[in-house]
Amino acid sequence: MIIRRGTAADRPRALQIWRDAVDATHGFLTPQDRAEIDGMVQQFFAEAELWLVDGEDGRAAGFLIMDGDMIDALFVDPAVHGRGYGTALLNHALTLAPEALVDASEQATNALPFYEARGFVRIGRSETDPQGRPYPLIHLRYTG
């Protein structure tokens, strides 16, 4: 799988992947919080550096956003979960930041097993998300 830098033209597809993935894995979000977070993500995407992995059909299947050693976002289209796209993006993140950090939602049942199976260990927990909403986060670091 080839990881490539995203362009402005890739942002709508990345946003659709984010929406589809969140709708499939974050059923715990209230409709109001889901809408508010969607607006924040749209603003975030306007300036974020995207890394993408394309699917067999040539369309982006997932994306990664890094901030230094922090994996800010790693999402894969739920239609292609389990096909290695997330692992490919994570491996790319580790080439950029060998001691990567990531915050995973405690309530999203797919996130923690994904990261822990790939060498991340828990280093902390927050009761809320960065905006103070009641969505606990598990803080993880890659240890190999």
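The values are calculated or read from the model by the stated rules, or taken from the named source; none is laboratory data. As the structure is a computational prediction, the values presented were derived from the model and not from experiment. Don't worry about glycine lacking a Cβ; one is built from the backbone with ideal geometry, like all the others, and counts go over all protein chains shown.
Mind checking which residues of segment 84-124 are among the aliphatic types (A, V, I, L, M) and either part of a helix (DSSP H, G or I) or in contact (Cβ under 8 Å) with a residue 60 or more places away in the chain (or both)?
Hits for segment 84-124 are A88, L89, L90, A93, L94, L96, A108, A111, L112.
Check whether at least one residue in segment 2-20 is among the charged types (D, E, K, R) and modelled with pLDDT under 90, and report yes or no.
Taking segment 2-20 and keeping what is among the charged types (D, E, K, R), we get 4-5, 10-11, 13, 19-20.
Those still in the list that are modelled with pLDDT under 90 too: none.
No: segment 2-20 contains no residue that is among the charged types (D, E, K, R) and modelled with pLDDT under 90.
Could you list, ordered by first residue, the pairs with Cβ atoms under 9 Å in which the first is in segment 30-42 and of a type in the set (A, V, I, L, M) and the second is modelled with pLDDT of 90 or more and in a helix (DSSP H, G or I), at least 6 apart or interchain?
I37/V22; V41/L15; V41/W18; V41/R19; V41/V22
Taking segment 8-22, which residues are touching a residue at least 40 places away in the same chain (Cβ under 8 Å) and surrounded by fewer than 13 Cβ atoms within 10 Å (Cβ to Cβ)?
none
Hey, among A93, A111, A100, A104, which residue is more than 23 Å from D23 (Cα to Cα), surrounded by 20 or more Cβ atoms within 10 Å (Cβ to Cβ) and touching a helix residue (DSSP H, G or I) at 6+ places or on another chain (Cβ under 9 Å)?
A100
Go through segment 66-84 and give me each residue that's under 18 Å from R13 (Cβ atoms) and in contact with an Asp or Glu (Cβ under 8 Å, 6 or more places away or on another chain).
Within segment 66-84, D77, P78, A79 qualify.
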